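What follows is one structure encoded as structure tokens, with my remarks underneath.
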Amino acid sequence: MTRVDDDGERPWSSALPLPPGEGAIELRYRVALRHQAAGPVHGRDAVPRPSAGGWQLIGRALIPALRVDGAPVDPPATLELSLPEGWARADSLPAGAEPVSLSALRDAVYYVGEFRRERLARGAVEIEIVSSDMPDAAVSELRLLVERTLTAGESLLGALPPGRRLLVYDRVPQGFEGGVLGDAITVLSSTPDLARATGPEGAIVVHELAHLWSGGSEPWFGEGFTRYFEALLQATLDGEEDVEATRRLVRRHEAYMRGIGERSLATLDDDLAYDGGASAAYCLDTELRARGAGEDVAARFRDARARARQEGRSRPSRDDFLAALAPEPRAYLESLVRVAGPIELGPCLARAGYRVERVGYRGYTPRALALELLKVTSYSMQRAEIFKTLEGSAFRAGDIIREVDGAPVDSVPAIEPLLALARRRVSVTLLRDGALQTVELPIPRVSPKERARHERLTIAELDASHAASPFSTAPSASAPE
Ligand SMILES: [Zn+2]
């Protein structure tokens, strides 16, 4: 057994020697997942699940397939986890178990496993790309996207402070995930496709790299502004048309609008904070751009970074950013964050030069019905596993939906049409803690207010020059650092 001790600040470059003996390594991990304490940035928090040959902790760490002389050695490894009170699996750290820091754990497993390593140096900034199971071509493609994103990011948000960063790139059976732990980034992917920054996997890479500049503990700021920078960088990297980039923002805004209820951005701590915060950043950007040339969110953010760096912090906090705004735009942003219910995107699109039309909505689409009925904000499409729920939901994180009205289902696309067929009530059978149970759910009626929330905004261009449209102009020049 290799013991991983928590010595606090172990640098990730320190290699653990391979234990003596051949093929007989058993690793027994004990992990304490400390929400928000693990790093400066919230990612999605989730319990570990198996990856192609190891384990992943989404947004926190990746424990790769471990091999010695080509033979996998980790299948008998166990991962024991404790979550703070109130979390789903608070009981799993055995009595007497010593928690280890995830960074120490990550360092240890990388240096006893086999992996491919690539260094990417840009002046005093070094990024080490590590992968245990991606093909060489995929890692090279990632390297190219990282280089281009860093160039666009430094132009938009300013030079990065010197130092080394780790980017872990590995496979998972399905989907795409990413996360940040300090200056270490994890990107997990089932089908590597990094040709487009706007593609699903490219978006994860761009988002996680944007966290080299931005973060912060309030999700609407830490994640929402990061999502907004992700969108600006994607548009630059893919040479996206202004109207296309704006449409993508509008589609994301609609998802946030449906889920937020009467909550304000300030209180959001789920995935809606990403898109709601991005909408707030967009609105602020149009407001700043309408006020004068050279004024925009990126310029204010660079100013906030300079303030944060004076105090030895690499990423600005919400307060650093607010302090970098003039009184009027600051009051505007604060009002967006406080308002109950969804913020209005229409006036912001109009400031950007778009004519906005609302398209009426007569009933739920199958997707909207599923979200409304299950009261969930995040789930795995392929496995019908619930990740995040809204208040009042009959489900909780970790539930896997198995049947709808007696019909077996194994994915979200299989569930949606069955829900749409149900009339007054629908019964849903789910797997929870290893046992099946069934819940009865009433089919919601669409109130006029709900109907308004399911309207679609469509945008039509007014003219060719969108002086205040954030996606139409090249990023404003970065101030010399
Ligand atoms: Zn993020």
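For Ala195, what residues show an amide H to amide H distance below 5 Å, using hydrogens built from the backbone and excluding near sequence neighbours?
Amide H neighbours of Ala195: none.
Cα atoms only: what Rg and Dmax, in Å, come out for the stretch 366-442?
When restricted to Cα atoms, the stretch 366-442 yields Rg and Dmax of 10.9, 30 Å.
Please rank Glu254, Glu244, fewest neighbouring Cβ atoms within 10 Å first, as an exposure proxy.
Placing the least packed residue first, the sequence is Glu244, Glu254.
On a full-extension model of 0.36 nm per residue, what is the gain between Asp405 and Arg424, subtracting their alpha-carbon distance, rounded to one decimal in nm?
Length gained between Asp405 and Arg424: 5.6 nm.
Given the Cα-Cα distance of Ala326 and Asp433 and 0.36 nm per residue of separation, how much length would full extension add, in nm?
Stretched fully, the Ala326-Asp433 segment lengthens by 33.3 nm.
Assuming 0.36 nm per residue, please report the length gained on full extension of the stretch Arg396 to Arg309 beyond their Cα-Cα distance.
Stretched fully, the Arg396-Arg309 segment lengthens by 27.3 nm.
With only Lys, Arg, Asp and Glu charged, each at its Cβ (+1 for the first two, -1 for the last two), find how big the charge dipole of the stretch 366-442 is about the Cα centre; round to the nearest 20 debye. Numbers along the way, then the final one.
Values: 10 positive and 10 negative charges, 28 e Å.
Taking the Cα centre of the stretch 366-442 as origin, the dipole is about 140 debye.
Between the stretch 243-296 and the stretch 141-180, how far is it from one alpha carbon centroid to the other, in angstrom?
When both Cα centres are located, 23 Å separates them.
Computed from the coordinates by the stated procedures, all read-outs in this text should not be read as laboratory data. Remember, it's a predicted structure, so these values are computed and weren't measured experimentally. In this analysis, Cβ positions are derived from the backbone assuming ideal geometry, glycine residues included, and neighbour counts consider all displayed protein chains.
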